[in-house]
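First comes the structure, then the notes that go with it.
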Amino acid sequence: MKKSIDPQAVGAMVERVNFEKSLAMRGKVHDVIPGGTHTYAKGDDQWPERSPGFITRGKGCHIWDLDGNEFIEYGMGLRAVTLGHAYAPVMEAAYRQMLHGNNFNRPSLLELECAQMLQSLVPSAEMVKFAKDGSTILTAGIKLARAHTGRELVAICGESPFFSYNDWFIGLTPMDGGIPPLNKSMTLTFGYNDIESLNALFERYPDQIAMVLLEPARVNEPKDGFLQKVQEAASNNGAVFMLDETISGFRFHRGGAQSVYGVTPDLSCFGKALANGFSLSALTGRREIMELGGLRHNKPRVFLLSTTHGAEYPSLAAAIETMRIYRDEPVIEHLYRVGERLRKGFEEAVREAGMEKHLTIVGRPCNLLFATVDHEGKSSQAFRTLFLQELIRWGVLAPSFIVSYSHDDDDIDHTVEAVRRAARVYAKSIDAGTTDGLLIGPPSQSVYRRYN
Ligand SMILES: Cc1ncc(COP(=O)(O)O)c(C=O)c1O
């Protein structure tokens, strides 16, 4: 892909975009794999018909699909790839380790080294336990909190779109097939920036709430010391305070969002960016609670995170190198700088098309999301799909605008040009009051629907 914003070059690229091979394979993969993939956000129901069905490789922030089309990518492996795809120092660290073996019957000192590296960046990490994904870690955190407090209920922030594929979270969504009502009844919800809603739960369920769980921030920033108030409410009521830093960890700050907002959770979950796309997640927190999963106490034992692949060595080697880069290089500063350039460019391009009420960009520059509303100001999947389709047409794959260390100014400027062009098409649909005639194929759909 040519990096300068030469309209003719962009035009030539668009003509090349075709999805023949992808479209042919889409049906086949659904014959074998339920849902066609292993993460809901990658599913066909989340993307326009005119989109790459299968990705074959990536380098930096660029990816190539089955049909040979090249895109600038945002989202970056569901936010796991903070440095860039196939980032050489991380790949080399993982590969060197692979040559020495993946897994043994006794631990490796890599486990200690990786845990200590994490401790050096995250002050609240008195102890560390690894697994492969965020869902597992959060579920383990709940188990620890229940063992620690002798209580059963958990209070989670109801505005976070996702915490875990496990029953305690998915049971609250309309997609609750296969989940016993009892499991659902153990989870309560409160509102972000609404400390009264949490206090009300503690009043209604005295001495019953084991844990308060939330993301430090998502689209909105915490107001009026909200996180400190949550911490205080949890502590006053004898509950464990856990922060889900799956997204914010190593993105908001190298020490996690807890370092930005000055709070010290009892437990935290890190995942995604921990190993630049290698599968590794970490439960961290206070020794007194974490040690319940250990061998050095005489309380009832907690079977905490024992998985065959939990400490798979290439992922640990990748994580150590990734965290070293976070520590020694201006990664986080870069995410904020290019994210800010993109935010400004997006807003200007959208304004030019008169679409500022319909296309908005929100969140921290290191973690930007966009919202699409229709001609009546209502959130719209059809309009979202149209916007995605038009960005794809101009070589940008952006379910959100999550930047990486590999996005440079040329990538951002190309993206802004794509937004400019997509916004013009969007404006036509807004004028018409419909995406009909411009959107090819069906609109994307909400994941959490009861029926297909
Ligand atoms: C905020 C948050 N918490 C937890 C998870 C679960 O992480 P994983 O997909 O690694 O299980 C996700 C995944 O998207 C997430 O966004």
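The values are calculated or read from the model by the stated rules, or taken from the named source; none is laboratory data. Note that the structure is predicted; figures quoted are calculated from it, not measured. Ideal geometry is used to build each Cβ from the backbone, glycine not excepted, and the neighbour counts take in all protein chains shown. We work out accessible area using only protein heavy atoms, side chains counted, and drop any ligands, DNA or RNA first. Shrake-Rupley method; radii C 1.70, N 1.55, O 1.52, S 1.80 Å.
What percent of all Cα-Cα pairs in the chain falls in each 10 Å bin, counting up from 0?
It works out to 4, 19, 29, 27, 16, 4, 0, 0, in whole percents.
Just to confirm, what accessible area per residue do you get for the chain at 1.4 Å probe, in whole Å²?
45 Å²
With a 1.4 Å probe and all protein chains kept in place, how much accessible area does Val240 have, in Å² rounded to the nearest 10?
Val240 has an accessible surface of roughly 0 Å² with all protein chains in place.
Taking the Cα centroid of the range 140-184 and of the range 273-315, what is the distance between the two, rounded to the nearest whole Å?
Value for the Cα centre distance between the two parts: 19 Å.
Would you be so kind as to identify which of Ile332, Ser248, Met211 lies farthest towards the positive end of the dipole of the range 209-334, taking Lys and Arg as +1 and Asp and Glu as -1 on Cβ and the Cα centre as origin?
Met211
Return the tail of the calculated pair distribution for the range 31-102, meaning the percent of Cα-Cα pairs more than 22 Å apart.
Across the range 31-102, Cα pairs with separations above 22 Å total 35 percent.
Rounded, prolate or oblate, given the Cα gyration tensor of the range 169-295, with a/c below 1.5 counting as rounded?
It is rounded, given that a/c, with a ≥ b ≥ c, falls under 1.5.
Report, by chain and number, residues whose modeled amide H sits under 5 Å from the one on Glu159, excluding near sequence neighbours (fewer than 5 apart, same chain).
Sorted by chain and number, the residues that satisfy this are Tyr192.
In terms of modelled amide H atoms, which long-range or inter-chain residues lie less than 5 Å from the amide H of Ala282?
For Ala282, the qualifying residues are Ala131, Phe270, Gly271.
Specify whether the C-alpha gyration tensor of the range 232-330 places it in the rounded, prolate or oblate class, a ≥ b ≥ c being the square roots of the eigenvalues: rounded for a/c under 1.5, otherwise prolate if a/b is larger than b/c and oblate if not.
oblate
Please list, in order along the range 280-287, the HN-Hα scalar couplings obtained from phi with the Karplus expression 6.51 cos²θ - 1.76 cosθ + 1.60 (θ = phi - 60°), rounded to whole Hz, x for Gly and Pro.
So the J values, rounded to whole Hz, are 7, 9, 9, 9, 10, x, 5, 3.
Before anything else, pin down the relative contact order of the chain: Cα pairs under 8 Å, at least 6 apart, normalised by residue count, whole percent.
The normalised contact order for the chain reaches 22 percent.
With the cut-off at 24 Å, tell me which of the pairs Lys132/Lys223; Lys21/Lys59; Lys42/Lys344; Lys357/Lys428 have Cα atoms farther apart than that.
Lys132/Lys223; Lys42/Lys344
Which of the lysines could a cross-linker bridge to Lys143, judged by Cα under 16 Å and excluding same-chain residues fewer than eight apart?
Candidates past the 8-residue exclusion: Lys129, Lys184, Lys299.
Using θ = phi - 60° and the Karplus form 6.51 cos²θ - 1.76 cosθ + 1.60, what ³J(HN,Hα) does each residue of the range 57-62 get, whole Hz, x for Gly and Pro?
For the range 57-62, the Karplus curve yields 6, x, 8, x, 9, 9 Hz.
Enumerate by residue number the trypsin sites (Lys or Arg not before Pro) in the range 402-450 meeting two conditions: DSSP loop (anything except H, G, I, E, B), and at most 11 other Cβ atoms within 10 Å of the site's Cβ.
Arg449, Arg450
Please list the non-local residues whose amide H lies under 5 Å from the amide H of Thr435, H modeled 1.01 Å from N, same-chain partners needing a gap of 5 or more.
HN-HN under 5 Å from Thr435: empty list.
Hey, what do the phi angles of the range 312-326 turn into as Karplus ³J(HN,Hα) couplings, whole Hz, using 6.51/-1.76/1.60 and θ = phi - 60°, x for Gly and Pro?
So the J values, rounded to whole Hz, are 4, 5, x, 5, 5, 5, 4, 5, 4, 5, 4, 5, 4, 5, 4.
Cα centroids of the range 376-452 and the range 16-49: how far apart, whole angstrom?
The range 376-452 and the range 16-49 have Cα centres separated by 18 Å.
Find the relative contact order for the range 18-88 and round it to a whole percent, using C-alpha pairs within less than 8 Å whose residues are 6+ positions apart.
Relative contact order, the range 18-88: 27 percent.
So how do Lys299, Lys184 rank on accessible area, 1.4 Å probe, biggest first, that is with the largest at the start?
Sorted descending by solvent-accessible area, the residues read Lys299, Lys184.
Can you tell me how the range 126-233 classifies by the Cα gyration tensor, rounded, prolate or oblate, using a/c under 1.5 as the rounded cut?
Since a/c stays below 1.5, the shape of the range 126-233 is classed as rounded.
Quick one: dipole size for the range 233-329, taken about the Cα centre, charges +1 on Lys/Arg Cβ and -1 on Asp/Glu Cβ, in debye to the nearest 20.
Taking the Cα centre of the range 233-329 as origin, the dipole is about 200 debye.
Would you please name the trypsin sites (Lys or Arg not before Pro) within the range 257-349 that are DSSP coil residues with at most 14 other C-beta atoms within 10 Å of their C-beta?
Arg296, Arg301
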